[in-house]
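Everything on this sheet refers to the single structure shown next.
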Amino acid sequence: MNDINDTMQPLSNGQDPYLESDRSREACPVARSERLGWELRRHSDIVRALHDHETFSNRVSHHLSVPNGMDPPEHTPYRRLVEPFFSEERLAAFAPVCRRLASALVAALPADGEIELMTALAQPFAVRAQCAFLGWPERMQTALRDWAERNQRAIRNLDRAALAQNAHAFEAMIDALLHTRRDAGARPEDDLTARLMFEEVGGRRLLDEEIVSILRNWTAGEVGTISASVGILARFLAEQPDLQRLLRDEPGRLGYAIDEILRIRAPLLTNRRVTQCPVEIGGEKIGAQERVSIVWVSGNRDGRVFEDPLAFRWDRDPKQNLLYGAGIHACPGAGLARLELRVVMEELLAGTRAIAAIPDRAPEPAQYPAGGYAAVPMRIRKAAT
């Protein structure tokens with residue numbers, strides 16, 4: 001779950017970031033741009049940077065970011081603290097809750113007609129699932145949705161004042177949540193947010209500011225990327241009726257299919273690093289304290305690793321897919337994301353006979369730094385009940 005709050009550069013020329021990344025990777029695999037600093041575009045260079053945290057640091061901001069914006073040895077105990085929150089046992093317990101949320105949203109879709117998928121399914125599912133996983137009350141869903149929308153708008157507009165104001169708003173929201181739990185005598189077994197209040201690092205309880213940072217990283221990353229991913233997946237299957245029918249008949253193949261589709265069209269375009277020493281990579285010499293961007297959308301469409309990279313194929317090596325990163329900063333919530341996406345797509349396919357693109361209504365691309373779509377018009381036919 002990457003902290004998108006530090007990604008402040010707009011897509012300058014208005015081009016499709018996916019096609020632009022393909023062209024730029026082949027023309028200049030490592031290059032410097034005003035918006036992103038040094039861009040790493042080839043799969044091999046990205047993998048090298050991901051596994052060399054001593055050279056390519058995650059400490060890219062002065063703001064506290066736990067554990068995403070930390071390097072070892074500081075990173076290690078916080079990462080160790082976070083990982084059990086996404087254990088197999090915890091995800092198994094959450095799975096039926098997640099399915100009920102997805103099933104209810106699919107059931108509420110019209111029986112036969114046109115929908116805008118992002119507002120009808122993708123966005124509400126992402127927000128509701130995140131609130132349920134963290135143990136937040138339903139009233140928090142609206143607050144979280146509004147906060148995420150304001151945050152994305154501030155990032156698009158390069159509005160640092162609005163970003164700062166939004167950070168304070170999130171802090172106040174979580175502070176109120178923590179105070180309510182403490183006043184009610186919360187116990188660590190109550191929910192995940194309460195458990196954070198009892199976690200220790202370095203022989204002391206987590207500070208409230210550390211809890212806020214952890215929850216901000218989880219919510220900012222999870223809500224945005226899950227929502228974007230649902231839109232990407234639904235649009236892709238709407239344009240691939242044969243694949244759609246196969247997955248409706250054989251839902252057990254959805255796990256692989258979801259990762260492969262999101263390899264082709266990434267929900268998160270870039271992520272930042274800062275060099276700690278001079279380094280040569282991809283034939284370019286980069287100095288110390290230089291901004292570096294991992295261009296996920298480019299690395300995962302690199303034909304040197306993925307033959308016929310824009311085609312959906314069943315014979316890819318999943319270990320080469322950088323959807324959830326690699327190295328010590330690989331997404332700790334990958335299991336949760338995969339669970340949520342598999343469940344919501346299972347419910348959408350099971351609850352419909354067909355989903356289809358609308359020829360005269362193209363999807364609206366999301367604005368950088370978000371991937372995927374801002375709006376996905378489509379036509380659905382519900383399954384017989």
Report task. Hey, could you check segment 150-174 for residues that are modelled with pLDDT of 80 or more and among the charged types (D, E, K, R) and say which is nearest to the chain's Cα centre (by Cα)? Result -> 150
Requested in this report: Among the numbered conditions (1) over 22 Å from residue 364 (Cβ atoms); (2) open to solvent by 10 Å² or more (accessible area, probe 1.4 Å), tell me where residue 257 comes up short.
Outcome: (2)
Query raised in the report: What do you reckon, is residue 269 aliphatic (A, V, I, L, M) and farther than 21 Å from residue 20 by Cβ?
Result: no
Query raised in the report: Hey, any hits in segment 326-345 for a residue that's of a type in the set (Asp, Glu) and surrounded by fewer than 18 Cβ atoms within 10 Å (Cβ to Cβ)?
Result: no
Report task. Considering only residues that are open to solvent by less than 30 Å² (accessible area, probe 1.4 Å) and touching a Pro at 6+ places or on another chain (Cβ under 7 Å), look in segment 2-39 and name the one that is modelled with the highest pLDDT. Result -> 7
**Report entry** Hits in segment 212-226 - residues which are modelled with pLDDT under 95 and within 8 Å of the chain's Cα centre (by Cα)
**Finding:** 221, 222, 223, 224, 225
Query raised in the report: Which numbered condition trips up residue 229, out of (1) under 23 Å from residue 359 (Cα atoms); (2) among the hydroxyl-bearing types (Ser, Thr, Tyr); (3) modelled with pLDDT under 95?
Result: (3)
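Each row is one residue, and each column tells you yes or no for (1) closer than 16 Å to residue 132 by Cα; (2) among the aliphatic types (A, V, I, L, M).
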{"site": "152", "(1), (2)": "no, no"}
{"site": "183", "(1), (2)": "no, no"}
{"site": "189", "(1), (2)": "yes, no"}
{"site": "193", "(1), (2)": "yes, no"}
{"site": "197", "(1), (2)": "no, yes"}
{"site": "209", "(1), (2)": "no, no"}
{"site": "213", "(1), (2)": "no, no"}
Report task. Sort out which residues of segment 106-127 are out of contact with any Lys or Arg (no Cβ under 6 Å at 6 or more places or on another chain) and surrounded by 21 or more Cβ atoms within 10 Å (Cβ to Cβ), and write them in order of number. Result -> 106, 117, 118, 121, 122, 123, 125, 126
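Matching residues to (1) part of a helix (DSSP H, G or I); (2) in contact with a Ser or Thr (Cβ under 8 Å, 6 or more places away or on another chain); (3) of a type in the set (Lys, Arg); (4) open to solvent by 30 Å² or more (accessible area, probe 1.4 Å):
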{"position": "148", "(1), (2), (3), (4)": "yes, yes, no, no"}
{"position": "155", "(1), (2), (3), (4)": "yes, yes, no, no"}
{"position": "158", "(1), (2), (3), (4)": "no, no, no, yes"}
{"position": "166", "(1), (2), (3), (4)": "yes, no, no, no"}
{"position": "173", "(1), (2), (3), (4)": "yes, no, no, yes"}
{"position": "179", "(1), (2), (3), (4)": "yes, no, no, yes"}
Query raised in the report: Just a yes or no: is a residue in segment 143-166 in contact with a Lys or Arg (Cβ under 6 Å, 6 or more places away or on another chain) and of a type in the set (A, V, I, L, M, F, W, C)?
Result: no
Query raised in the report: From the list 318, 359, which residue is open to solvent by 40 Å² or more (accessible area, probe 1.4 Å), under 22 Å from the mean Cα position of the chain (by Cα) and not aromatic (Phe, Trp, Tyr)?
Result: 318
Query raised in the report: Looking at 311, 366, 383, which one is crowded, with 17+ Cβ neighbours inside 10 Å and of a type in the set (A, V, I, L, M, F, W, C)?
Result: 366
Query - Only one of 193, 225, 219 that is buried (at least 23 other Cβ atoms within 10 Å of the Cβ), under 16 Å from residue 136 (Cα atoms) and out of contact with any His (no Cβ under 8 Å at 6 or more places or on another chain) - result: 219
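The values are calculated or read from the model by the stated rules, or taken from the named source; none is laboratory data. Since the structure is predicted, the reported quantities are computational estimates derived from the model, not experimental observations. In this analysis, Cβ positions are derived from the backbone assuming ideal geometry, glycine residues included, and neighbour counts consider all displayed protein chains. Remember, those area values only see protein heavy atoms, side chains included, never the ligands or the DNA or RNA. Shrake-Rupley method; radii C 1.70, N 1.55, O 1.52, S 1.80 Å.
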